Amino acid sequence: MATIISNNILSDLNKLIDEKSADSIFILTDEKTKELCLPVLFESEKLRNSHVISIAAGDENKNINSALGIWEYMVNNGATRASLMINLGGGMITDIGGFTASTFKRGMDYINISTTLLGAVDAATGGKTGINFLGLKNEIGVFAPAKAVLISVDFFKTLDDKNLRSGFAEMVKHALIDSRESWNEVLAFDLNHIDFNKLKTLLKKNIDIKESIVAADPKEKGIRKALNLGHTFGHAFESLSYRTEEPVLHGYAVAWGLLCELYLSHIKLNFPKEDILRLRTLIKEYYGMFYFSCKQYDALYELMTHDKKNESKDINFTLLSDVGEIKINQTASKDEIFECFDYLREG
Ligand code: GLY
């Protein structure tokens, strides 16, 4: 699989299409990327006769009904195993597009073109595909890497501030699991005045970090769990927020989850306090704080016990004993978890 951080998306895409010589091309979009990003792809003559499938935007539409619609369209429009799917969108589109392509006639090739920073730094690479089912995120899916992933920071220039910040949280995570050098680079990046050239360099490094972990453990039996840092608490915050009027973006929940999990790393593995303080300053500035009361601790704990990353009744965490020192398969007591909630609420 090749990930290309592209300076010229059309010429890179044209090359990939020539290499593949598919019998037909299907482009999957959502209603937003159809309007904002598809016209860029249509500048390529090679794509003008493609079939376009558009589904409703939003993670709530990453479901079996949307998948059925995609498969039905492909059957009715003569897709074969030699066809090519191009997924044009954020993580929702690359997840469902990767899933429907890799299960259609036992698998056709697909290319991801990530149009969001969050998607570029996370969902588009690594071969995880899937849909939500019965209210459970990514419950049905397969590991099936894209033939190629294309990323153009030009698409990110249309993202609002919140979506850029949401993507940046996964970059913070990658830096923490990688090294002090990466951590210092992320700390030095000014998210209030984004330099897109610097972002491109940082993105390249982040994707390399993720891809080297995925190459070592593509099916998440071991070290790939490092990529779950911040997500055990983070998913609980995200799920809790969906029960309120104010759902939060994934990256915001991950940012608060990172703070809790570094605090837990400190309690259990003596992770340096000064790095938690650095993270705290960054998170307060870019993400603000997650407001919840101690009456919600039990509900959050309950959500954490249902996390699909758990392999037994214990809640599974990835923690750090230092920046870049990963410890997978860690557990914590209810009291320790509640202490982390207290720490986050101190603001
Ligand atoms: N999103 C984490 C992973 O790809 O493993």
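A few notes on this one:
- Simple Cβ-charge dipole of the chain, Lys/Arg +1 and Asp/Glu -1, about Cα centre, in debye nearest 20: 640 debye
- Its relative contact order, with pairs defined as Cα atoms under 8 Å and 6+ residues apart, puts segment 239-347 at 32 percent.
- Structural descriptor for segment 174-228: relative contact order 35 percent, calculated from alpha carbon pairs under 8 angstrom and at least 6 residues apart.
- Pairs over the 20 Å Cα-Cα cut-off, from the set 210/273; 32/62; 225/273; 62/284: 210/273; 225/273; 62/284.
- The trypsin sites (Lys or Arg not before Pro) of segment 64-172 that DSSP puts in a loop, and whose beta carbon has at most 15 other beta carbons within 10 Å, are 81, 157.
- Exposure proxy ranking, count of Cβ atoms within 10 Å, fewest first, for 262, 36, 68: 68, 36, 262
- Bridge type composition, the chain - antiparallel percent by DSSP, nearest 5: 25 percent
- Once the Cα atoms are used to define both axes, helix 250-269 deviates from the longest principal axis of the chain by about 40 degrees.
- Between residue 64 and residue 7, the modelled labels are 4.8 nm apart [label points 7 Å from Cα along Cα→Cβ].
- Here the simple spin-label model places points 7 Å from the Cα toward Cβ, and for residue 204 and residue 242 these points are separated by 3.7 nm.
- Per-residue Cβ neighbour rank within 10 angstrom, fewest leading, 208, 178, 190: 190, 208, 178
- Global geometry of segment 13-67, whether rounded, prolate or oblate, following the gyration tensor of its Cα atoms and the 1.5 cut on a/c: prolate
- Coil-residue GluC sites (Glu not before Pro) of segment 23-116, DSSP, other Cβ within 10 Å capped at 12: 43
- Approximate spin-label separation residue 305-residue 335, in nm, with each point projected 7 Å along Cα-to-Cβ: 1.8 nm
- Between helix 334-345 and the chain: long-axis angle, C-alpha atoms, 0 to 90°, nearest 10: 80 degrees
- Segment 218-270: trypsin sites (Lys or Arg not before Pro) in DSSP loop, at most 11 other beta carbons within 10 Å: 219, 221, 243
- A straight Cα-to-Cα reach below 13 Å connects residue 308 with the aspartates and glutamates 139, 220, residues fewer than 8 places away in its own chain not being considered.
- In the chain, helical runs assigned H by DSSP with n ≥ 4 each contribute -39500 (n - 2.57); averaged across all residues and rounded to the nearest 500, the mean residue ellipticity at 222 nm is -15000 deg cm²/dmol.
- The chain - Cys residues lacking any other Cys C-beta under 4.7 Å: 37, 294
- Seen against the Cα atoms of the chain and their longest principal axis, helix 9-20 is set at about 70 degrees.
- Cα-based reach from residue 162 at 18 Å (exclusive), listing aspartates and glutamates while leaving out same-chain residues under 8 positions away: 59, 122, 154, 170, 190, 195, 238, 245, 246, 285
Laboratory data are not the source of any read-out in this text; all were calculated from the coordinates shown. Since this is a predicted model, take the numbers as computed values, not measurements. Positions of Cβ are backbone-derived with ideal geometry, glycine not excepted, and every protein chain shown enters the neighbour counts.
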